[in-house]
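No value in this document is a laboratory result; all are computed from the given coordinates. A quick note: this is a predicted structure, and the numbers were derived from the prediction, not measured. With ideal geometry, Cβ positions are generated from the backbone for all residues, glycine too; neighbour counts draw on all protein chains shown.
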Amino acid sequence: MRFSFRRPTSLLRILIASLPLLAATGCLKRESQVQNGNRDQILHRGIGYEVTELDPHLVTGIAEGNVLRALFEGLVTEDPVDLHPVPGVAERWEMSPDGLVYTFYLRTNARWSDGAPVTAADFVASFRRILTPTLAADYANMLYILQGAEAFHKGATTDFGQVGAVALDDHRLRLTLEHPASYFLALLTNPPWLPVPVSSLAKTGEVYVRGNTWTRPASIRSNGPFNLKKWQTHQIIVAEKSPTYWDAANVRLNAIHFYPIDSVDAEERMFRAGQLHLSEAAPVSKIDSYRRDSAAVLRIDPYLGTYFYRFNTRKPPFNDVRVRRALALAVDREALVSKVLRGGQRPAFALTPPGTAGYTAQAKLGTDVTAARELLKAAGFPAGKGLPPLEVLYNTSENHRIIAEALQGMWRQELGVEVSLVNQEQKVAQAARRTGDYQILRSDWIGDYLDASTFLEVFRGDSGNNYTGWANADYDAALFAAARTTEAAARHALFQKAEAILLEAAPIIPLYHYTHVFLLQPSVKGWNPTLLDHHPYKHVWLEK
Amino acid sequence: MLRFITSRLLQSLLALFLVITATFFMIRFVPGGPFTAEKAVTPEILRNLEAHYGLDKPLWRQYLDYLGSLARGDLGPSFKYPNRTVNEIIADKVPVSAELGGLALGFALVLGVGLGTVAAVRRNTWMDYTASTIGMFGISIPTFVVGPLLVLGFAIHLGWFNASGWYGPLDRVLPAFVLGLAYAAPISRLTRGGMLEVLHQDFIRTARAKGASEFRVVTRHALRGGLLPVVSFLGPAVAGILTGSFVIETIFQIPGIGREFVNSAFNRDYTLVLGTVILYAGLIMTLNLVVDIIQAWMNPKVRLEG
């Protein structure tokens, strides 16, 4: 009896003792989703938040774009390395000498997912839908570059024949522009320009009103390299390789699984648990430890965005350019980036990120503390004396707070200027921005396409995104002329002029240019650093 | 009994109506709207959007319209998700929260009542102290600490579970455990208190005197009275647990109604805010009514009178 009693005990002890060992060596681990995906060419991608919609006409966000680029293909698509426009549904195109008329030749083997050909009429119908006022598409104004589109969208005419989009036959599409625009082809890769299968939309609801359920997996028709198979909100979106896509032979991934994870920390844990090939973001607090311990999975790519502070130039003291410039010149951006942010950001001395489609601003709004003190004195506030109470408004976020505190310290130390910090929930802050109920406001701008105009247009006098109250006729004229200039050097000269005017007047303080910090498994290949963080999926593959 | 229930139902309906009215107007007076965004829409597009959602009408008209469609069971379209209705979102998310809540609640009851009973029966012994310690830990350590710690151990290091998500049966284990733990702690404290009170009463002494076994005394006689405080706690707790826990749903990225409830307010998704508030308020009222009825059944001292 005693003997037989001892045996199981020792066996049990061995088992218990070996448990941590087993676990540590991975014997109890299941095959991770990443390993599984590497074998079957299934990419598991975090996209940050739940997409609001997969209807290209009704989306505005980044996550939506990242899914839609798998499902749909526009006339042109993007080069995987530098995103320059390359043939998509259109195999080639011609531009008239005055830069106003583009003729696109659609490939005859471009297909919808049900096998029907993608025709020029599909594109015309699609442009018509997004421009129809009843659809209330948020980004309809992106198509205003088409001749007559603005008038149609604003209801001045109901005759779509007046709009510069004509199907010459099944495979030839003619687009006429309001003015020459060298960035026109780059625009075409954005969701508002993607073809929507208008002819079959009536099956699931009204064609020109919101609330149509055509984008559900059961009813969607798309024309991109992948087809929507599953869409469980807040969980997963599954896109599988499309057999009807014209270039299917060159698509190497079999499927992409998109994960809408709105918590950066949860996403990072999923990445570490082997559920994701790549995350949408990485927690700022962990960048340093990733740099130290697992640099191979940390990626820091430049990103087409600028973080800046706006002044309300309608109210004293910021109606005085000297006060604005004084505050701008007292900011040490290098210290901000290297000591506070630590995510590889580049200090911003201009609004437009350097190297945006070959343009880098020559004018600079840098650091010059002596000049800043002089300016403040000249404005009647020596060492900050006599200034009214000043306030920086930012939307509630840990990052915005530490940046505001850093600037608060710099202004106090270098200029003797005291500012208080106020945080508000995001939409409340946006409402204050609209009503001009702020003095200094935290802001940012993310470019929509690779061209300096996507930044500089923001501060045109009539821009709905300006909010500073600052307007300058020369600035507006330079941008107006640039929009109508096709030659690159001449356009860039006009941008230089505009940017110099903006930085001299300083209705804003550019602080830093964005980087995209995320986690990436080394098995993901073809994921090039691109300024817009676009990664044409047909050039991506996985290695074991 | 019937009179009691009818009058309580009428009171609840009135309260619900007041909640709806207050929410409708309060969310409208919050700065910012569903269409305020970092990149502004043009004035024409804003007008189109407002026309589509009826926001161009006077507020009182919108309020009456809303009540009208509500009477037909239509909670309206979501502002944030342009091709989805609030009914659809709620129907999609509530079952997930209910499943998580049900599992967590089952676990919490078994653990909480078990620990509490043992603690009461073996009062002031090491068993009581152990149970109380577990209870105190459960109350004082928040779920947003326990959750990530368990993920770190069981998902990242051991690789037994997914770190988050709601894809298969295994994904239910960690969130239900963490959420259940948070509720087990107060349940065990309440059970212990309730049992201690009951175990000293005459009818228990009578039961013992009749020769009933200790097990029988506890389970058949004492528990019914001892659980009364737990039952009144469970009313609002069940409503909370079934409509989702924002924290747990965020840590484990569970597609439940709790996140929609919180995020709809940030998004100024007016109709979704109202829909989730109505759901939550309705559930709390129903469950409180149910609790009152159950308490009357469990404790003859309570009389059901309006």
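Key figures for this structure:
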item: Percent breakdown of C-alpha pair distances by 10 Å bin, ordered from the shortest bin, for the range A:171-234; result: 16, 38, 30, 14, 1
item: Charge dipole (debye, nearest 20) of the range A:302-517; +1 at Cβ of Lys and Arg, -1 at Cβ of Asp and Glu; result: 300 debye
item: Of B:L287, B:L109, B:L13, the one that fluctuates the most in a GNM where chain B has Cα springs shorter than 10 Å; result: B:L13
item: Rounded tilt (10° steps) of B:228-242 against the dominant C-alpha axis of chain B; result: 30 degrees
item: Farthest positive-ward along the protein assembly as shown dipole, Cα basis, beta-carbon charges - from A:G461, B:I284, A:Q147; result: B:I284
item: Compactness of chain B, expressed as Rg and Dmax over alpha-carbon positions, Å; result: 23.8, 84
item: Charge context of A:G464, other residues only, Cβ under 10 angstrom, K/R +1, D/E -1; result: +2
item: Calculated SAXS-style log₁₀ I(q)/I(0) at q = 0.10, 0.16 Å⁻¹ - the range A:302-517, Debye, Cα scatterers; result: -0.41, -1.10
item: Cut-off under 5 Å, modelled amide H: who pairs with A:K229 long-range; result: A:V238, A:A239, A:E240
item: Average partner coverage of A:430-441, which counts Cβ from other chains inside 10 Å; result: 2
item: Listed residue (A:V101, A:Y438, A:A506) projecting farthest to the positive dipole end of chain A, Cβ model; result: A:Y438
item: Cα-Cα separations in the range B:60-186 greater than 23 Å, expressed as whole percent; result: 54 percent
item: Reciprocal of mean inverse Cα separation for the range A:258-402 (Kirkwood radius, Å); result: 18.4 Å
item: Compactness of the range A:399-541 - radius of gyration and Dmax, Cα, Å; result: 19.0, 56
item: Residues A:A281 and B:F246, FRET efficiency given R0 of 25 Å [Cβ-Cβ distance, rounded to 0.05]; result: 0.75
item: Charge tally in the Cβ shell below 10 Å around A:I501, where Lys, Arg are +1 and Asp, Glu are -1, A:I501 excluded; result: -3
item: Estimated dipole of chain A in Debye, rounded to 20 [Cβ of Lys and Arg +1, of Asp and Glu -1, Cα centre]; result: 2120 debye
item: Rounded D (µm²/s) - the range B:66-127, Kirkwood Rh over Cα pairs, Stokes-Einstein at 10 °C, 1.306 mPa s; result: 104 µm²/s
item: Phi to ³J(HN,Hα) by Karplus 6.51 cos²θ - 1.76 cosθ + 1.60 over the range A:497-510, Hz, x for Gly, Pro; result: 4, 4, 5, 5, 4, 4, 6, 5, 7, 6, x, 9, 10, x
item: 3J(HN,Hα) from dihedral phi, the range A:247-264, Karplus parametrisation 6.51/-1.76/1.60, rounded to Hz, x for glycine, proline; result: 10, 4, 4, 9, 8, 9, 6, 8, 7, 10, 10, 9, 10, x, 10, 8, 10, 4
item: Gaussian network model of chain B, springs between alpha carbon atoms under 10 Å - residue of B:V198, B:V230, B:V94 with greatest fluctuation; result: B:V198
item: The range A:214-223 - phi-based ³J(HN,Hα) in whole Hz, Karplus 6.51/-1.76/1.60, Gly and Pro as x; result: 5, 8, 6, x, 5, 10, 6, 10, 9, 10
item: Nearest-ten-degree value, helix B:126-140 long axis tilted from longest Cα axis of chain B; result: 10 degrees
item: Those aspartates and glutamates that a straight Cα-Cα span of less than 16 Å connects to A:K538, excepting residues fewer than 8 apart in one chain; result: A:D40, A:E73, A:E78, A:D79, A:D82, A:E240, A:D247
item: Computed lengthening from A:E178 to A:R434, 0.36 nm per intervening residue step minus Cα-Cα distance; result: 89.2 nm
item: Size-normalised alpha-carbon gyration radius of the range B:148-306, reference 2.2 N^0.38 Å; result: 1.37
item: Inter-part distance where the range B:1-79 and the range B:102-171 are each reduced to a Cα centre, Å; result: 39 Å
item: Beta bridges by DSSP in the range A:302-517, antiparallel share as percent, to the nearest 5; result: 65 percent
item: Residue-span extension gain [A:N254 to A:K229] - 0.36 nm each, minus C-alpha spacing; result: 7.8 nm
item: Cut-off 11 Å between beta-carbons: net charge of the residues surrounding A:R325, Lys and Arg +1, Asp and Glu -1; result: -2
item: Scaled radius of gyration (Cα, divided by 2.2 N^0.38 Å) that chain A gives; result: 1.12
item: Virtual paramagnetic centre 7 Å along Cα→Cβ of B:I141, amide N under 18 Å, in the range B:95-115; result: B:108, B:111-112, B:115
item: Shape category assigned to the range A:167-315 from the gyration tensor of Cα positions, a/c cut at 1.5; result: oblate
item: Packing rank of B:14-21, A:261-268, A:480-487, where each peptide gets the mean count of other beta carbons within 10 Å, highest leading; result: A:261-268, A:480-487, B:14-21
